[in-house]
Amino acid sequence: MPDNPDAQRSCSSSEVPPVSAERKTHTRSLRSYLSTSIRDGHHSDLLLEAELLLLSFATGIQDATTYPDYQCFASNQTGNTVIIAVGLSGIGGDLFSLRTVGVSLGAFVAGCYMMGQIGNLFGPRKRIWLFISNVIQTALVYAAVAIQWSVSSNSESIAMGVIALLAFSSGGQVAMARPLNIPQITTAMATAAYADLLVDPRLHSLHNRQRNRRFLFLVMLATGSFVGAFAHSRVNSAFALLLSAIGKTIVTVLMLFNVSECAEANGQIAAQNSIGRTENRASSTRR
């Protein structure tokens, strides 16, 4: 007996129900949430400051790990620039590899340029871009951890591979942090923070948020350096880098929860409307 085509169509249509309006609404809401820009450092945002401070801690771990292993830095490109000058002058001897230092500087510049310009296209403070940027940075650090954990050789090619991953990640991190408008927490460079902290005319004021940011940045960078150095000496460099990667993973997740600009604007509008209603009621009462 031949099958009933109408029954087949009815059955197939019942097997694949249409997407509900509620699901579409949730999808649009999620897309809208991810496309909003987060509030920058011109406002008091403890979560954003905590995220940048944790990234500074992770940076300290990385530099304290890469220097004893490869005699160069993943983030401190001032130091790498000086090392290159010393090496090219011929007075460095065998203290370091110019190629490794050059790879670090080049990868940092490439990471800063590429991630910064892509961020400009997306919107550097868009939530989705901040999340993607942090995912990329963190994945590169995990890749460096995997190489160090699985490869026992200390060949120059391995060194350049690890340094390239970490330096590119660091460049992307700095490029991500700059548009957030908290220049006191660069997540990488300490020299300017030391100088700005000490010459601040309001250094001894009781309430000075910029001073507090600089001080905490230096503390977190130094603490990360100590943690990285001890983890490297007591366990190994792969373990130290793993700690850095875990810190960056936490920041990646937290980036999904920062206050958005539109939420703040809506709050201000609601406050203004509330004030307006209060004034109207007071005016009506007087009449």
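For the structure I just gave you, tell me whether Ala85 is in a helix (DSSP H, G or I) and touching a residue at least 12 places away in the same chain (Cβ under 8 Å).
Spelling it out, it is not the case that Ala85 is in a helix (DSSP H, G or I) and touching a residue at least 12 places away in the same chain (Cβ under 8 Å).
Would region 45-58 turn up any residue that is within 22 Å of His232 (Cα to Cα), aromatic (Phe, Trp, Tyr) and not in a helix (DSSP H, G or I)?
no
Do you know which residues across region 133-157 are in contact with a Lys or Arg (Cβ under 9 Å, 6 or more places away or on another chain) and aliphatic (A, V, I, L, M)?
Residue satisfying the conditions is Val141 alone.
Taking region 202-225 on its own, how many of its residues are out of contact with any helix residue (DSSP H, G or I) (no Cβ under 9 Å at 6 or more places or on another chain) and crowded, with 17+ Cβ neighbours inside 10 Å?
Adding up the residues that qualify gives 0.
Would you say Ile182 is surrounded by 17 or more Cβ atoms within 10 Å (Cβ to Cβ), β-branched (Val, Ile, Thr) and over 17 Å from Ala245 (Cβ atoms)?
Here the answer is yes, as Ile182 does meet what is asked.
All of the numbers you see were taken from the coordinates with simple rules; none came from a lab. Small disclaimer: the values here were computed from a predicted structure and weren't measured. We place every Cβ from the backbone using ideal geometry, glycine too, and count neighbours over all the protein chains shown.
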